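Asks: Once you've had a glance at the structure underneath, I'll fire off some questions.
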Amino acid sequence: MLLIALVLLVLYFLSGSLQSPIQNAQRDPIAFVAFVIAIILGITVHEFMHAYAAHQLGDDTGRLMGRMTLNPLAHFDLFGTLLLVVAGFGYGKPVPFNESRLRSSSSVALVALAGPAANFVIAALCAIPLAFVVYYNCVLGIFNLVPIPPLDGSNVVYGLLPPRQQYSWRQFQQYGPILLLLLLFFGGRLLFQLVFGPAQSLANLLVGTRLF
């Protein structure tokens, strides 16, 4: 399933339908370097906070698997990184957790929200000196709230569902990458509006002026 998603993503990129950060690197190398720094920082802290939140709520799975770390290599995800390269948004390797060890069902939502919340905190802390960090962390935070596995929004929804519906929701997990690609193919304009529009508005609000 993942291999099919990767092939479709590469084909979509080669078709010229996406304006990727790499394509813009020659035109604005400083912006590209800022993008790389912002993304590495954002994803690393994002995934670390998932593991940390789970640890605080009773589950040490992420910590024992070496995910409660600020080493970016521990959070590398092939498909999520390719999305970043070709589309400008993506995700790190999802941090595993054992739901049965968490204090309550709603703890799943708290663990899922910890990552996007970390991006928004980084954005707020860097609002004045590092405008690009602000913007791309807003992009990461909002994109990861989309309720499609393996994005955090999926676990937010899962944690808020009644137990009977939670099992059905989990069955869609394996189809997440394909669903993301279908959304890019057939609803790319809508996805960009849902992610980049609010991200720019939030970044502008945090900085206090229009960034772009």
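The values are calculated or read from the model by the stated rules, or taken from the named source; none is laboratory data. On a predicted model such as this, the values are computed, not experimentally measured, just so you know. Cβ placement follows ideal geometry from the backbone for every residue including glycine, while neighbour counts extend to all protein chains displayed. Side chains included, ligands, DNA and RNA excluded: accessible areas come from the protein's heavy atoms. Shrake-Rupley method; radii C 1.70, N 1.55, O 1.52, S 1.80 Å.
Asks: Angle, helix 176-207 long axis vs. longest principal axis of the chain, Cα atoms, 0 to 90°, nearest 10?
Replies: Between helix and principal axis, roughly 70 degrees.
Asks: Any chance you could give the angle, 0 to 90 degrees and rounded to 10, that helix 29-56 forms with the longest Cα principal axis of the chain?
Replies: 10 degrees
Asks: Would you please put 148-158, 189-199 in order of how densely packed they are, using the mean number of other Cβ atoms within 10 angstrom per residue and starting with the highest? It would help to have the intermediate numbers written out before the result.
Replies: Details: 148-158: 21.5, 189-199: 15.1.
Put in order of decreasing packing, that is 148-158, 189-199.
Asks: Quote to one decimal, in nm, the extra length available between Tyr175 and Gln56 on full extension: 0.36 nm per residue of separation minus the C-alpha distance between them.
Replies: Numbers: separation 119, 0.36 × 119 = 42.84 nm, distance 2.98 nm.
In short, 39.9 nm is gained.
Asks: A further question follows. If packing is taken as the average count of other Cβ atoms within 10 Å, what order do 135-141, 28-34, 71-77 fall into, highest mean first? It would help to have the intermediate numbers written out before the result.
Replies: On the way: 135-141: 28.3, 28-34: 12.9, 71-77: 15.6.
Answer by packing, highest mean first, reads 135-141, 71-77, 28-34.
Asks: A further question on this structure: How much of the accessible area of the chain, probe 1.4 Å, is carbon plus sulfur, in whole percent?
Replies: Details: 7350 of 10720 Å².
The nonpolar share, carbon plus sulfur, comes to 69 percent.
Asks: If you don't mind, there's one more thing I want to ask. Sort 85-91, 162-168 for me by packing, meaning the mean count of neighbouring Cβ atoms within 10 Å per residue, highest on top. Write down the numbers at each step before the final one.
Replies: Details: 85-91: 21.1, 162-168: 9.7.
Order by mean packing, descending: 85-91, 162-168.
Asks: For the chain, with only Lys/Arg (+1) and Asp/Glu (-1) charged at the beta-carbon, what is the dipole magnitude about the Cα centre, in debye rounded to 20? Walk me through the numbers before you get to the answer.
Replies: On the way: 10 positive and 7 negative charges, 37 e Å.
Dipole about the Cα centre, nearest 20: 180 debye.
Asks: Please compute, for the alpha-carbon atoms of segment 48-166, the extent along each of the three principal axes and give them in descending order in Å.
Replies: Cα spread of segment 48-166 along its principal axes, largest to smallest: 42, 28, 28 Å.
Asks: What three numbers, in Å, describe the spread of the alpha carbons of segment 114-212 along their principal axes, ordered from the longest?
Replies: Reported extents, whole Å, longest axis first: 46, 29, 16.
Asks: How are the C-alpha pair distances of the chain spread across 5 Å bins, as whole percents from the shortest bin up?
Replies: In order of increasing distance, the bins hold 1, 8, 15, 19, 20, 17, 11, 6, 2, 0, 0 percent.
Asks: Segment 22-111: which trypsin sites (Lys or Arg not before Pro) are DSSP loop and have at most 11 other beta-carbon atoms within 10 angstrom? Before the final figure, lay out each step's value.
Replies: Values: sites: Arg27, Arg63, Arg67, Arg101, Arg103; in loops: Arg27, Arg67, Arg103.
Listed in order of number, the matching sites are Arg27, Arg103.
Asks: Take the Cβ-Cβ distance between Ser104 and Asp28 as r, set R0 to 45 Å, and report the resulting FRET efficiency rounded to the nearest 0.05.
Replies: 0.45
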